[in-house]
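> The structure is given below, and queries will be raised subsequently.
Only the coordinates and a few stated rules stand behind these numbers; no lab work does. Predicted model only: the values in this text are computed from it and were never measured. Ideal geometry is used to build each Cβ from the backbone, glycine not excepted, and the neighbour counts take in all protein chains shown.
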Amino acid sequence: MNVKRDIIVDTTSKKMMPIILAFGLYTMIGSKGAGGGFQGGCIIAAAFILHSLIFGFIEGRKKIPESWNTFFKSFGLHLYCGCGLLSIIASNFVAEFLNYSAFWPIANLVGTHEARAMQVELIIEVGIGITVFAAFVSMFYDLAWKDDDELEDEVIK
Amino acid sequence: MNPILGELTPFVAVLTPAIASLLILISYKNPNIRETWTILATIVTFTLVFSMVPKILDGETMEFVLFEIIPGIEFAFKVDAFGMIFAITSSSLWILVSLYSIGYMRSLEEHAQTRYYFCFAWAIASALGVAFSKNLITLFVFYEILTICTHPLVAHEESEEALAAGRKYLLYLMTSGSFLLAATMITYVLVGSTDFKAGGILSLDSASEIFLQLLFVCYILGFMKAAYMPFHSWLPTAMIAPTPVSALLHAVAVVKAGVFGVVRIICYIYGIELTSSLGLGIMLAAWVSFTVIVANMLAIGEDNFKRRLAYSTINQLSFIILGVSLLSPMAIMGAMMHITFHGYMKITLFLCAGAIAVVTGKKLVSELSGVGKQMPVTVFAFTIGAVGMSGLPPVAGFIGKWYICLGAVQSAEIFNQPIFLTFILVVIIASILDIIYLLPIVKSAFFENPKEEIENKEFGRRLYFFMLVPLSITAIFSVILFIFPDIFSLIELAEVAVDEIYE
Amino acid sequence: MIEAIFEKFFQHYNFWAAVVIIFIGIYATIAKNNLFKKLLGLNIFQTGIFLFFISLGDIGSLETLGIGDATPPIIWKPAEERGYLYVNPLPHVLILTGIVVAAATTCVALALLIRIHKEYGTLEEDEIIELEAIRGD
Amino acid sequence: MINTVVEQFPALIVTTGVFSAFTILILGLLSRKICYYIVLIVTAFHFILSIFTLQHVLTKGRIHYWFGGWRPPWGIEYVVDELNAYSLIVILFLGLLGIIFAKRSVEKEIEERKLPTFYTVMQLLISGCCGVVVTGDVFNLFVLAEVASLSTYALIAIAGGKALRASYNYLILGSIAICFYLLGIGFLYAVTGTLNMIDMRIILQNLYENKMVHVGFVLVLVGLGIKAAVFPLHTWQPDAYTYAPSAVTLIMSTVVAKTFVYALIRLIFSVFTVNFLELYINAWNLVPWLMGVAIIVASILAYRQNNIKRMLAYSSIVNVAYIVLGISFFNSQWSLSGALVNILNHAVAKGCAFAAVGAIVYKTGIKDVGALAGLANKMPYTSGALLISMLTLIGIPPSAGFVTKFYLAIGCLEMQNYLMLAIILLGTLLTLAYFLRVIEQLYFREGNSTQKEEVPFSMLAPTMFLAILCLAIGIFWLTGIPLEFLKKSITSMGVIFR
C-alpha cells in the first residue's frame, strides 16, 4: 500500500505496545486479590487494536489471526470453567462448582486455605483475561472489516 | 349369555372401530384388505355390543373406569339400557352401511377412500363412546371427536361447495361443543360431579331457579347436533356428503348423539321432577313442536332429494325430543324406541336415494318420475320407509308415534295440564305433512312415465348388488320391527330405562 | 416551601440524574428513526441504570436520611468519625457484570447494523421498511 | 457441601453447557461436522441429568446449591424445586428435539462455514435458558437471560434478509425489557439489600406497602412480559418467528418462550407473593381482562395472516395469554394448573407445528397458506403431524390442548368469571377458524403433483415424535396421575390455598 506513514506514530505505537501489554498483565494478575481479569483483558486487547489501527487491518490480522482469537476465546473460558468443574471432580462430587477449598491439585503446592484460594483465583483471572482480550479483538475486526466475510478469509490466506 | 369380555366390553367395543381405523390407514394400498378390516370391525363391534344386552335386561349396569381426570370426574364407561338402545342402533346399522359404502364408493370411483373409511370408523367409535359414557366429560370428549372426524366426510367432495359446507358444519357443531363444555363445567362446579344418574344430580339446592334454566338452555345449545330450529341449517348443507355418510351419520350416529344428549340431560342430569318443576319440559316441547311443523313445511318445498330427506330428519329428531320433553313414562319410552325405528327407516330412505343417484345420476325429486320401473326393488324399499316416516302401520314408525301420543295423554294426567294434549295435534299434523312430501315421490316413481330417456349407467350396475342388499335388509327390518318390536329387546330395554328413571 | 423542595431535590441529585438519563435514553430508543441512534439511546438508557445502581451503593448519599455517612476505604478517617466503613461494593460488582452485558449487546447490535447496512444501504428505519415492501417476501 | 451427586446436576447442566459451547468453537476449527454431534450429545446428556434432578426433587425435596460454597445471601444460589425441575425438563427435551431437527434444516438454510458458530450459539442459548430456570438469584437470572437473549438475536439474524431487521427490533425491545428488569431489581435491592429470591421474599413481607416495591414489581413484570411476548408487549415476536431459520423458530417458540414464562411465574409467585398481589396491586384484576382481549385480538390477527409461520407466531401469543390468564387467577388451583400444564402442552404442540412447517419449507419452500394445496399427498407424515398439532392447539379432546382449556375453564368458574370462560371457548373457535384454512389447503385441495417426497428422517423423527406426544401428553394429564405433582409445583411456587 502506498499510504504515507508517519514515523512518530509508528515508533510511538511500537514502543508503547509492550508497555501496554505489561500493564494489562499487571492489572490482570499483579494485584493481590480478586478482580482485574476483565480490565486486564481489555487493556491487552487495546494494545492489539492500537497496533492494527496504526499498521492496518491486514498487518494486524497477520499478528493475530481469527483462528487464534477463536482458540483464545474458548481457552480462557475453559480455564475458568475448568477450574470450577475440577473442584467438583477433584472432590468426588462433594464440593460445589468453584469451591476453592476442594481444589486438590493446588492444595499440595501451597499451604494455607487462603493462599490456595488465591492461586485458583489467579488461574481464573487469567482465563477471564484471555477470553476478554480475544473477544474484544475479534469484535473489533468483525465490526471494522467493511468488506464481505468471504473476502476477509481470502485476504488472511 | 354373559358379556364376552366382562367389564371391559364397553371399552373394547369403543376401541374396536378405533383400532380398525388404524388398520385401514395402514392398508391403504390394497382396497380389498382395507374393506375387509371395515367389515370385520363392524361384525366384532356389533357382537360385543349385543353380548351386553342380557345383562342390561337383568337391570344391571356395567361400569368401567379408565382413570380419574380430576376429583369427581372420571373418564369412565357405563352401559345402561338407554345407552344400549343407541349403541345397538349405530353398530347394527354400521354393518349394512359399510357394505353399502363399498358398493357406492367403488361405483363412483371416489377419491380418498382411505380417509373416508378411516373417518367413518372413528365416527362410529365416538358414537359408541357417546352411548357408553358414564358422565358428561366422557360424553363431551367423544362428542368433540365425532364432530372433528365427520368434517372430512362432509367435505369429502373437495369442491368449493363441499368445503363451505364443511366450514358451516364445524362452525355450528364446534360452537355447540363449547356450550356443552361450559355447561358441563358449570355443573361440575355446582355439584362436584357430572355422572349420569337416573333421577338427576342437579337440584334446586345447587343453584337458583333462573340459573338452572339458563344452564338448561346452555345444555340444549350444546346439543346442537339434534338440529332443532333455528340451528338446523348445517344439516341440509351437510347433505353434500356421500350418501352413506348422510345415511349413517346424519340420520343416525351424529344427529342421534345430539338427541341422546338431550335425553341424558333431561332424565339423568336434571331429572324429571326438576325439569317439570322448572317448567322446562313444556318450554322445550313448544320449541321443538315448532321445528316439527316448520321442518316438514320446508321439506315440501325442497327439490333436492337428499335435502328433502334431511328436513325430514330434522322433523323426526325434534319429534324424539318432543317425546322426551313430555316427561311422561310412555312418551319417554316412545322417544327412546323411536331412535332405533327412525334410524332404520331413514337409512332405508337415504340408501335408496343414494342407489338411485348412483344408477341413474338423478339427484332431484322432480326428475324421479318413472324410476320405479327401472329399479323396482329400490323404490319399493323407499315406499316402506316413506310409509314408516308418516307413522302409518305396518311400519315401525307407527309404534313410536303411538307411544308418544299416549305419552301426551299421560302427561296431561300426571301434571294435570290439558295443554299437553295439543301435542297430539302436532303429531298428527306432522304425519300428514310427512305424507304430503314423501308419498308423491313414490307415486311419480311408479306410475308416471319418465320425462326423458333413462340413461343406464353401467358402472353403477356393476356393484348395484352391494347396495341393494343393505337397503332391502333395512326395509325388511323396518317392517319386522313393527311386527316384533322386541327383536333387539328394544321394548324391554326402553322399559328398563324408563323404570330406572322413574324409580 | 420551595427551599424544602430544592433541598429534597439536591439531596438525591444523582438519582435525579439517573432518571433524566434513563428517560433521554428511552426517548431516543423509541422515537428515533435511525437504527444506530436507537442503539445509542439504548446505551444511554443502560448508563442511566448503572448510575442508579451505583448510587445505591454509595451509602453516603443516604447520610441525609439519617442513616449515617460512608467512607470509601481509600480515604482514611478516625474510627469515631466513620459511619460506615466503606461504600457497599456489591452494586459495583453487579454493574461491572451489567457493563459486560451491555457491551455484548452493543456489539451484537453493531454487527447487525453492519449487516443491515450491507443489505439495504441505509439505516433509516422507514426507508428499510419501504425497501422490504418493494422486495416482497 | 453436597450430599448426593444429583444435587450437582442443575449447576452441571449450566456450566458444562457453557463449557461445551466453547469447546465446539475450538473443535469447529478442526472439523465442522463434529460440532453438531457435540451439541446433540451434550444436550441429550443434560436431558438425562434433568430427569434425575426431577426424580430427586420429587423424592427427597428441593435442591439448594451454593456456588463456590458461599452461603446465600452472599453467594449465588441455585434452587431447584418441582416447578424448576419440570420447566428444566420441558426446556431440555424440546431443545434436544430442536437440535435433532436442526441438522438438515440448518445445512440447507445456513452457509457451511457458519455452522460452528451456529452450534456454539445454539448451545449457549440452551444453557442460558437452563440457567434462567434453575437460578435462585434475581441478578443471576438477568445475566443468564441476557446470555439466552443475545444468542437468540444472533440466531435469528443468521437467516439474513428481513430477519436482520426482525432481529434488530427484537434486540432493541429485548434490551429495553431486560433494562426494565434490571431497574426493577435495582429498586428491590435498594429496599431489601439482597438479591437472593428466597431472602428477598422474606424481607419483602414487611415492605409490601413501600412504593419502591410497587415500582419494582411493575418494572419486573413489564420487562419479563416483553421477553415472554405477553399480549400488548408482543410486537417483536411475529417478525422474529417468521424470518428466523426454521430450526431457530422451533427452538425459540419452545425453549426461549417457555423460559421467560417460567421466569415470570417465578418472580410473581416466589419473590412477590400472592398476598402482595391481592392486597396491594389492585390493577392485577385487570390482567385477566387484558388476556381476554389478547386471546381475541391475537386470534383475529392470526386469521388475517397468509404466512403460515406468522400465523403460528400469533397463535403463540394466544397461548402465552392462556398461561398468563391462568396465573392471573392465583386463587384457583385449577387455573394455576392450567397455566403450568400449558407450558408443556404449548411447547410440544407449537414445537410440532413449527417442525412440520420447517419440514415443508425445507422440501418445497412454501411459506404461504394458499400454496399448501395438496401437500397431504406429497408429504403425508409431515402433514399428519401438522394436522395433529393444530388439533391440539385448537383443543380437541383428548389432545394436550384440551387439558389446558379444561383446567382453565374450571379455574374461571371457580373464580365465578363466566365471561372469561366464554372468551376461552371463543378462543377455541377462533383458533379453529384460522387453522381450518390450513387444514383445508392441506387435505381438501388438489395439488400439482402427487409425487411422494418426505423430508429426511432426522427431521421427520422429531416431528412425528412431537405429534405423538401431543396426544400422549394429553392422555397422560387426563389420567389424573400428575395431579399430585401439579399440586406440589403450585405449592413450591409459594401459593397457599385457603
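> Please go through region B:133-185 and write out the GluC sites (Glu not before Pro) that DSSP classes as loop and that have at most 15 other C-beta atoms within 10 Å. Display every interim value, and only then the final one.
On the way: sites: B:144, B:157, B:158, B:160, B:161; in loops: B:158.
Here no GluC sites (Glu not before Pro) fit, given the DSSP loop and packing criteria.
> With a point put 7 Å past each Cα toward its Cβ, work out how far residue C:126 is from residue C:3 in nm, to one decimal.
Going by the 7 Å Cα→Cβ label model, 5.2 nm.
> Below 8 Å, C-alpha to C-alpha, sequence gap of six or more: please give me the relative contact order for chain D in percent.
Details: 849 pairs, mean separation 74.9, N = 498.
Over chain D, the number comes to 15 percent.
> Note down the magnitude of the dipole of the protein assembly as shown about its Cα centre, charges +1 on Lys and Arg C-beta and -1 on Asp and Glu C-beta and zero elsewhere, to the nearest 20 debye. Display every interim value, and only then the final one.
Details: 78 positive and 87 negative charges, 399 e Å.
For this selection, approximately 1920 debye.
> In chain D, once you exclude exposed GluC sites (Glu not before Pro) (DSSP loop, at most 15 other Cβ within 10 angstrom), what's the longest stretch remaining?
Details: sites that count: D:111, D:209, D:446, D:453, D:454.
Segment D:210-445 is the longest.
> Tell me the relative contact order for region D:18-167 as a rounded percent, counting alpha carbon contacts under 8 Å between residues six or more apart.
Relative contact order, region D:18-167: 26 percent.
> Could you list the residues of region C:92-127 with an amide nitrogen less than 19 Å from a label point located 7 Å from the Cα of residue A:145 in the Cα-to-C-beta direction?
Flagged as within label range: C:107-119.
> Of all chymotrypsin sites (Phe, Trp or Tyr not before Pro) in region A:1-100, which ones are in loop regions per DSSP and have a Cβ with at most 13 other Cβ atoms within 10 Å?
Here no loop site has a sparse enough neighbourhood.
> Can you give the Kirkwood hydrodynamic radius of region B:279-496 from its Cα pairs, in Å with one decimal?
On the way: mean 1/r = 0.0563 Å⁻¹.
Kirkwood radius, region B:279-496: 17.8 Å.
> List the equivalent ellipsoid semi-axes of region D:445-498 in whole Å, largest first, each obtained as the square root of 5λ for an eigenvalue λ of the Cα gyration tensor. Please report the intermediate quantities before stating the final value.
On the way: eigenvalues 346, 31, 23 Å².
Largest first, region D:445-498 gives 42, 12, 11 Å.
> Something else about it: Which value, in Å³ per residue, describes the convex hull spanned by the Cα atoms of chain D?
On the way: hull volume 63.8 nm³, N = 498.
Convex hull of Cα atoms, per residue: 128 Å³.
> Calculate how steeply helix B:422-447 sits against the longest principal axis of the alpha-carbon atoms of chain B, using the helix alpha-carbon long axis, and give the answer as 0 to 90 degrees to the nearest 10.
Roughly 10 degrees, rounded to the nearest 10.
> Which of the lysines could a cross-linker bridge to residue D:108, judged by Cα under 21 Å and excluding same-chain residues fewer than eight apart?
Cross-link targets: D:33, D:162, D:309, D:363, D:367, D:378, D:452.
> Test of understanding: what is the full-extension gain from residue D:484 to residue D:108, defined as 0.36 nm times their sequence separation minus their Cα-Cα distance? Show your work: numbers first, answer last.
Details: separation 376, 0.36 × 376 = 135.36 nm, distance 4.49 nm.
Once the chain is fully extended between residue D:484 and residue D:108, it gains 130.9 nm.
> Any idea what the dipole of region B:186-293 comes to, in debye rounded to 20, about its Cα centre with Lys/Arg Cβ at +1 and Asp/Glu Cβ at -1? Each step should come with its number before you reach the end.
Details: 4 positive and 4 negative charges, 71 e Å.
That gives region B:186-293 a dipole magnitude of about 340 debye.
> I would also like to ask the following. Would you please give the FRET efficiency between residue B:414 and residue B:436, computed as 1/(1 + (r/R0)^6) with r the Cβ-Cβ distance and R0 = 30 Å, to the nearest 0.05?
Numbers: r = 33 Å, r/R0 = 1.11.
It comes to 0.35.
> Right, next: From a point 7 Å beyond the Cα of residue D:279 in the direction of its Cβ, which residues of region D:457-498 have a backbone N at a distance under 18 Å?
From region D:457-498, the list is D:494-498.
> Also, I was wondering about something else. Report P(r) for region B:286-338: all Cα-Cα distances, bin width 5 Å, range 0 to the bin holding the largest distance, values in whole percent.
With a bin width of 5 Å, the distribution comes to 5, 24, 25, 19, 14, 9, 4, 1.
> While we're looking at this one, here's another question. Give me the one-decimal nm value for the distance between modelled label points at residue B:422 and residue D:41, 7 Å along each residue's Cα-to-Cβ direction.
The two pseudo-label positions are separated by 8.4 nm.
> Give me the one-decimal nm value for the distance between modelled label points at residue D:3 and residue D:458, 7 Å along each residue's Cα-to-Cβ direction.
Calculated label separation equals 4.3 nm.
> Ok, one more. Enter the mean number of other protein chain beta carbons within 10 Å of the beta carbon of each residue in D:22-31, as an integer.
4
> Which whole number in µm²/s is D for region B:29-106 by Stokes-Einstein, with the Kirkwood Rh taken over Cα pairs at 37 °C and 0.692 mPa s?
Values: Rh = 14.6 Å.
The estimated diffusion coefficient comes to 225 µm²/s.
> Quick one: compute the contact order of chain B, relative version, from alpha carbon pairs under 8 angstrom and 6+ residues apart, as a percent.
Details: 915 pairs, mean separation 81.3, N = 503.
Across chain B, relative contact order equals 16 percent.
> Pairing the Cα long axis of helix B:376-389 with the longest principal axis of chain B, what angle in degrees results, from 0 to 90 and rounded to the nearest 10?
20 degrees
> Over the alpha-carbon set of region B:55-170, work out the extent along each principal axis and list the three values in angstrom, largest first.
46, 31, 19
> Right, another one. Compute log10 of I(q)/I(0) for the protein assembly as shown with the Debye formula, placing one identical point scatterer on every Cα and leaving out solvent, at q = 0.04, 0.08 Å⁻¹, to two decimals.
-0.30, -0.95
> Give the residue list of chymotrypsin sites (Phe, Trp or Tyr not before Pro) in region D:348-388 that are DSSP loop and have at most 10 other beta-carbon atoms within 10 angstrom.
Values: sites: D:354, D:362, D:381; in loops: none.
Hits after loop and neighbour filter: nothing returned.
> What's the average, rounded to a whole number, of partner chain beta-carbon atoms within 10 Å of each residue's beta-carbon in D:412-420?
On the way: counts 3, 7, 2, 0, 1, 0, 2, 0, 0.
Average neighbour count from other chains, rounded to a whole number: 2.
> When you look at the Cβ of every residue in D:157-170, what mean number of other chain Cβ atoms sits within 10 Å? Please report the intermediate quantities before stating the final value.
Working: counts 5, 1, 0, 3, 6, 5, 3, 10, 11, 0, 5, 12, 3, 1.
Mean shielding count: 5.
> For residue A:94, project a label point 7 Å along Cα to C-beta. Then give me every residue of region D:1-25 with its amide nitrogen under 11 Å of that point.
D:1-3
> Taking the Kirkwood radius as the inverse of the mean 1/r across Cα pairs, report the Rg/Rh of chain B.
Values: Rg = 21.4 Å, Rh = 22.4 Å.
Result for chain B is an Rg/Rh of 0.95.
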